[in-house]
Every structure is written in C-alpha cells, then in structure tokens.
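Inspection log for the structure reproduced underneath, given as structure tokens.
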Amino acid sequence: MELKGKTAIVTGSNSGIGLGIARELAKAGADVVLNSFTDNDEDHALAREIAAEHGVEARYIKADLSKGDEARALIEKAGRCDILVNNAGIQHVAAIEKFPTEKWDAIIAINLTSAFHTTAAALPMMREAGWGRIVNVASAHGLTASPYKSAYVAAKHGIVGLSKTVALETAREPITCNAVCPGYVLTPLVESQIPDTMKEYDMDRDEVIEKVLLARQPSKDFVTVEQLGGTCVFLCTDAAAQITGTAISVDGGWTAL
Ligand code: NAD
C-alpha cells in the first residue's frame, strides 16, 4: 500500500486504459478520482466498486475535457491531486484531405490541450503537498507515425513534448512528469477504429488485427491495461524519483523496429 494517502486523478477513466490505471493505483493504496464526460449511474458505480475492492476512497467527477474550463474545474473539484494521469483520448482515422476539421479540433483538444489545463491546475496542489507525479498517456504514435492518423499522431507527439517541458519546469522539485507510450491495447478505442481501417485497407477484421494493428508490434500480443497501470504505479515509487521528462515505451518492441 505504498500510495496510501495520495490522491490520483485519472482522466478518461470510465473505460479502457484509464480504468485499468485507476484500478492499479487503487490496488497500491491511492484514493482515486475517475472521470469522463458522461454522468451515468454506471460511472459512479465504478467508483463505488473500486472503493469497496481496495479499501480506498474513490469518486467519479464528470468533466468534458474538450473544454478547458471543465478540465481545470475537474482538478479544483477533486480538491487534491498528488498523482495526475492524463489519459483521456479519442481517435479518428481518415486520409488528411478527407479529415474533418471538427475531428481534428476535438482530437487536439481532448488528447493534448486538456493535459495543459489539468497540469496547470494540479501543479500548485502538488507544490503545496511537496510531492507530485504526472503521467501522460501518449502512444507509440507519440514517437512514430502511421498514415490516416494525422491529428492523433500530432497530438501524441505534442504530449511527449509537453511532458518534457513540464519535467524541466519542475526538475528542482519532488515532482516528476513522464509520458507512457503504449503500443496496441484492445480497448473500446481500438475496437472503434477497426471498421474504418477495414474500409481503408479493404480487409476483414482478423486481417486488420494481424496485418495492420499488430503489424508493427513484434511481440504480436496486445499490451494489457494492467501492464500500463503497473507502469504508472512504478513511476509513483521512490525508485522512479529521478525518472522525469522521458517517454517510456510499453509497446511489445514497436519502437525498436
Ligand atoms: P477508451 O475509448 O476505452 O477510453 C477513452 C477514455 O477517454 C474514456 O473513458 C472516454 O470516456 C474518455 N473521453 C473521451 N472523450 C472525453 C472527453 N471529451 N472528456 C472526458 N473524457 C473523455 O480508449 P483507450 O484505448 O482506453 O484510450 C485511453 C488513452 O490511451 C488514450 O489517450 C489513447 O490515445 C491512449 N492509447 C491507447 C492505445 C490503445 O491501443 N488502446 C494505444 C496507445 C495509446
């Protein structure tokens, strides 16, 4: 229970990687704040389930992270933030000349700009507490590119750069900021891009998984949300106190190619 007494805010955590990270942080003893843009009974039930399972405090706070004021209000409403995991993200797959402007704007707002707002709001709380950890969930697409993902690749490269800058601005303090760069994880976000990719490449589902999604993942296995949660927990330990400004790949060898 090495994170007992810490409060972790995980954005975009009512499903997929964010939920997996929140569960692992709670397992390590942290109180957790879940978030998404919905406000359903199921969202609050997830928080109650995590609290009961791990004996921590867990809350769900609605905030639409495409809006800067809501991103900042999320941190203010939580009232405390020792660990900030900027995870919320969306995807859209299209050739650049057909890429809808509103999709570009939404991806940049949710996948990149929201982290600017939450970080700016959380840093004073971390300084007050004398300790802080910021983990930005980027992607292998923060380090390499793929066709048809212009906004996503731009946003993910952007968040790797933001992580480095925040690391330098906090380098003399007991605060670290890093990017974690997953390869493919089979979450709703990946599921949702399979139909478009099937159309782009004229392939069936199995072919898309093998020849497109895992084509560049030498392990030929999806990364799991538990592995990503474990990476976040490690970044919160004393062993990781000097790890700051890095992009940590959890990608089955993708970026080694
Ligand atoms: P997901 O769709 O399961 O989860 C995305 C989360 O973001 C959800 O909780 C969703 O509600 C939330 N979200 C979306 N729009 C939001 C908004 N406007 N305001 C607040 N929350 C919002 O997807 P995931 O695969 O778990 O992705 C999580 C993160 O991991 C993303 O940043 C994604 O880019 C990144 N990532 C995913 C993979 C993968 O293979 N799944 C690989 C690399 C990086």
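Quick rundown of the values:
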| item | result |
| --- | --- |
| Failed item in (1) more than 23 Å from Asp64 (Cβ to Cβ); (2) over 16 Å from the mean Cα position of the chain (by Cα), with Leu123 passing the rest | (1) |
| Among (1) hydrophobic (A, V, I, L, M, F, W, C); (2) within 11 Å of the ligand (Cβ to nearest atom); (3) over 16 Å from the mean Cα position of the chain (by Cα), the one test that Ala155 misses | (3) |
| Only listed residue being at pLDDT 95 or above and more than 14 Å from the chain's Cα centre (by Cα), chosen from Cys236, Cys177 | Cys236 |
| Filter result (touching a Lys or Arg at 6+ places or on another chain (Cβ under 9 Å) and outside any helix (DSSP H, G or I)) within the stretch 204-236 | Leu214, Cys236 |
| Residue list for the stretch 188-203, filter: modelled with pLDDT of 90 or more and either part of a loop (DSSP other than H, G, I, E, B) or surrounded by 15 or more Cβ atoms within 10 Å (Cβ to Cβ) (or both) | Ile194, Asp196, Thr197, Met198, Glu200, Asp202, Met203 |
| Where a residue in the stretch 170-188 is touching a residue at least 12 places away in the same chain (Cβ under 8 Å) and its partner, wherever it lies, is of a type in the set (Asp, Glu) and more than 7 Å from the ligand (Cβ to nearest atom), with Cβ under 7 Å and at least six apart | Cys181/Asp251; Pro182/Asp251; Gly183/Asp251 |
| Among the candidates Leu123, Leu168, Leu112, residue that is among the aliphatic types (A, V, I, L, M), away from the ligand (no atom under 16 Å from the Cβ) and within 22 Å of Ser249 (Cβ to Cβ) | Leu168 |
| Selection within the stretch 219-231 - touching a helix residue (DSSP H, G or I) at 6+ places or on another chain (Cβ under 7 Å) and surrounded by 15 or more Cβ atoms within 10 Å (Cβ to Cβ) | Val225, Leu228, Gly229, Gly230 |
| Scope the stretch 171-197; condition away from the ligand (no atom under 11 Å from the Cβ), out of contact with any Lys or Arg (no Cβ under 9 Å at 6 or more places or on another chain) and either of a type in the set (D, E, K, R) or within 23 Å of Arg216 (Cβ to Cβ) (or both); matching residues | Arg172, Asp196, Thr197 |
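The values are calculated or read from the model by the stated rules, or taken from the named source; none is laboratory data. Worth saying up front: this structure is predicted, and the values here are computed from it rather than measured. All Cβ positions, glycine included, derive from the backbone under ideal geometry; neighbour counts span all protein chains shown.
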